[in-house]
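Chemist: Here it is, the structure in full.
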Amino acid sequence: MPLYRILGYDMQHVRVYLNEGEMVYGEGGHLVAKSPSVKINYAAQGGIIKSIERELTGSRFFIMQVYGPGIAEFSSFLPGRIVKIDLNGNGIMVEHNSFLFAEQGVQYSATLNKISVGWLGGEGLLMAHFSGQGSVFVHALGGVSSFVLREGEEIEVEEGHLLAFDDSMQYSITRAGGIKTMLLGHIEKEGAFFIKLTGPGRVWLHNVSLSQLIAKLNLMVGGNAGPAQPQGPSIDFQNLDIRL
């Protein structure tokens, strides 16, 4: 079994020590360095057709297989923490952009699962499914919070902050208050919808939402044409009559 060291603080990376015959696989853009003895191979996950389907949803067309002996180092594109999740024969759902790499004994589903949160919630969350024996390494934007829920215990997570959860957990979509709260929350890029997860099981959260981070940066930077224009549905407040 490979050995690992998670290094760094605000911009963490993970160093993998591979012996002869050992392999890990992951998203190609996250490999930042390797020993000359480490070999790389690209494979279509689930076949060419499934790989094309994954490409259309924003995921990678191929997965990258990294073979030892030697050292390989993985990192994300943004500041945050790396989380090692042990499966122990079970399965997890992971926000697909957060996946870094997994061990050879882990099965990576070729189909992405969509958690749809309605017209104000954007395109919804695309979740990758992992199962089997071994560990999955994921990246939490900004930082990570984790919870272990008992039987029947619930937690509501703003959709942009959901990182991963055990696949045995039940989930449903809840809205944040009434229509006025939802409209104002959408305009401010705050959560209009929450995902309710019911235990037993483990839940991991990003401390920073990527969509909220992008929206705030757009407002601050704005470009040469002035402040960035909001995306999504436009709302005419002068003619909007909200009765609560």
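Chemist: What does the net charge come to around Thr174 if you take all other residues with beta carbon closer than 13 Å to its beta carbon, with K and R at +1 and D and E at -1?
Modeler: -2
Chemist: In what sequence do Arg5, Arg175 fall when counting other Cβ within 10 Å, fewest first?
Modeler: Arg5, Arg175
Chemist: Take the cross-link list Lys34/Lys84; Lys39/Lys114; Lys39/Lys84 and give me the ones stretching past 28 Å between alpha-carbons.
Modeler: The answer is Lys39/Lys114.
Chemist: Treat the count of other C-beta atoms within 10 Å as a stand-in for reagent exposure and order His13, His206 from fewest to most.
Modeler: His13, His206
Chemist: Taking 0.36 nm per residue of sequence separation and subtracting the Cα-Cα distance, how much length would be gained by fully extending the chain between Met23 and Ile155, in nm to one decimal?
Modeler: Working it through step by step, the gained length comes to 43.9 nm.
Chemist: I need the peptides 93-103, 126-136 ranked by packing, meaning the mean over residues of other C-beta atoms within 10 angstrom, with the highest value on top.
Modeler: 93-103, 126-136
Chemist: Just to confirm a number: summing +1 for Lys and Arg and -1 for Asp and Glu over residues other than Ile155 whose beta-carbon lies under 12 angstrom from that of Ile155, what do you get?
Modeler: Net local charge, Ile155 excluded: -1.
Chemist: By counting other Cβ atoms within 10 Å of each Cβ, how are Thr174, Thr198 ranked from fewest to most?
Modeler: In increasing order of surrounding Cβ atoms, one gets Thr174, Thr198.
Chemist: Between Gln170 and Leu213, what FRET efficiency follows from the Cβ-Cβ distance if R0 is 30 Å, with the result rounded to 0.05?
Modeler: Efficiency for this residue pair is about 0.55.
Where a number appears in this text, it was derived from the coordinates with a stated rule and is not lab data. Please read all numbers here as calculations on a predicted model, not as lab measurements. Note that we place each Cβ from the backbone using ideal geometry, even for glycine, and neighbour counts take in every protein chain shown.
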